[in-house]
1. Does Arg208 satisfy the condition of being touching a helix residue (DSSP H, G or I) at 6+ places or on another chain (Cβ under 7 Å), open to solvent by 60 Å² or more (accessible area, probe 1.4 Å), at pLDDT 95 or above and within 30 Å of Ala43 (Cβ to Cβ)?
2. If we keep just the residues of the range 257-266 that are in contact (Cβ under 8 Å) with a residue 24 or more places away in the chain and farther than 16 Å from Ala244 by Cβ, which is least open to solvent (accessible area, probe 1.4 Å)?
3. Is it true that Val75 is among the β-branched types (Val, Ile, Thr), without any contact (Cβ under 8 Å) to a residue 40 or more places away in the chain and within 23 Å of Ser201 (Cβ to Cβ)?
4. Tell me which helices (runs of 4 or more DSSP H) are completely within the range 127-238 and hold 1 or more residues being among the hydrophobic types (A, V, I, L, M, F, W, C) and either more than 23 Å from Gly269 (Cβ to Cβ) or more than 19 Å from the chain's Cα centre (by Cα) (or both), or say none if there are none.
5. Suppose we filter Val185, Val203, Val199 for residues that are at pLDDT 95 or above, of a type in the set (A, V, I, L, M), surrounded by fewer than 16 Cβ atoms within 10 Å (Cβ to Cβ) and closer than 24 Å to Met136 by Cβ; which single one remains?
6. Quick check, is Val122 among the aliphatic types (A, V, I, L, M), more than 15 Å from the chain's Cα centre (by Cα) and not in a helix (DSSP H, G or I)?
7. Taking interchain pairs and intrachain pairs at least six residues apart, which have beta carbon atoms under 6 angstrom, with the first residue in the range 154-177 and closer than 15 Å to Ala278 by Cα and modelled with pLDDT of 95 or more and the second among the aliphatic types (A, V, I, L, M) and not in a helix (DSSP H, G or I)?
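The values are calculated or read from the model by the stated rules, or taken from the named source; none is laboratory data. The structure presented is a predicted model; accordingly, all values stated were derived computationally and were not measured. Positions of Cβ are generated from backbone atoms using ideal geometry, with glycine treated the same way; all protein chains shown enter the neighbour counts. Just so you know, the surface numbers come from the protein's heavy atoms only, side chains and all, with ligands and any DNA or RNA stripped out. Shrake-Rupley method; radii C 1.70, N 1.55, O 1.52, S 1.80 Å.
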Amino acid sequence: MATLGIPSNTVAVLQKHQFQFQKKYGQNFLIDSNVLQKIVDAAQIDKEDCVLEIGPGIGTMTQYLAEQAGKVIAVEIDKNLIPILKDTLSAYDNVTLLCGDILKTDIQGLCDTYNEGKPLKVVANLPYYITTPIIMGLFESGVPLSSITIMVQKEVADRMRVGPGTKDYGALSLAVQYYAKPEIVAQVSPDCFIPKPNVGSAVIKLTRYETPPVSVKDEKRMFSLIRAAFNQRRKTLVNALSNAGMEQITKEKVQDALEQMGLSVSIRGEALTLDRFAELSDRLWS
C-alpha cells in the first residue's frame, strides 16, 4: 500500500529531489494517511472508475487512488514535480501523468480518450487561491462528472453548503447547490500538511445532480443575476440589480417582479433561496 502519507517518507522524497516549494502554486502536501484514506473512501472509487486528480504534488494521494481506481489521470502544473511523480508513481501502470494548467486543459478530451466519454470522478487537494475557478470551470464546462471530492480551505467548504441568511451564503453556495449535493466528509488540521497552511481545511464531496434541483429558463442569466446580487450584497436587491448594467433590467422591473413574488422591495439577495432566484430570473426575462 502507499506510504507517501507518512511524514518521514514525504520529507525523504523532497530531499532526494531537492524540491523547492513554489508559493505561487499554493503547495501544501498531505502527510496524514488517515485523511488520505477518508478522501478515497468518500469518493467511493472502484476499478470501474476513471479518476481525474488535479495537482497530484509528489503523488501521495495518486498512489492511494491508483490502488483503488481503474485509471487515474493526474494533471500537475509545476513542471519541477514531474520527475518526482515519475519516480513515486513508477509502480503504477494505470496512471497517466500530464503537465499542464487544469483551467486550460481539455477535460472533455481526457474523458473521451481515457474513459470512453463516461463520467469522471474528480479528486484533488486544491490550492486555496484557485479553488472557486476550478470548481466552477468543471461544472460550467458540461463535462460528464459523477462527483468532485476535494480538500479545500474550511471557510470555502462552509460557503459551498450554507443556506440563505448566513454570512457565508453567496454566489458560490448557490452555484454549487445548483449543480451538486455538497457534503463535508472531514475536517483537517494544518498539522496534516507540509508546509503547514495558516488555516484549517475540510474535505467536501460534491455529488453531481443528473437534473438540477430547480428549473430555470436560462441558467446563464440566473447566474448573472446571482453574481450581481452578491457583488453588492449590502444593497437591496432592487439597487444591486438595477446598478449592474444587465440587459433590460430596470429598477421598476425588479420591483414589479419582487412584488409579484410576494417579496419586499427592500429585500437583499442573501435572503433568497435558489428556487427564488430561478423564479426571479424567469420573471425578469419573460
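1. yes
2. Restricting to residues being in contact (Cβ under 8 Å) with a residue 24 or more places away in the chain and farther than 16 Å from Ala244 by Cβ, the top hit is Val265.
3. Against the criterion (among the β-branched types (Val, Ile, Thr), without any contact (Cβ under 8 Å) to a residue 40 or more places away in the chain and within 23 Å of Ser201 (Cβ to Cβ)), Val75 qualifies.
4. 131-140, 219-231
5. Val185
6. No, not satisfied.
7. Hits for this filter: Ser173/Val162.
Each row is one residue, and each column tells you yes or no for (1) open to solvent by 30 Å² or more (accessible area, probe 1.4 Å); (2) β-branched (Val, Ile, Thr).
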position: Gln232; (1), (2): yes, no
position: Asn239; (1), (2): yes, no
position: Gly245; (1), (2): yes, no
position: Gln248; (1), (2): yes, no
position: Val254; (1), (2): no, yes
position: Glu279; (1), (2): yes, no
position: Leu284; (1), (2): no, no
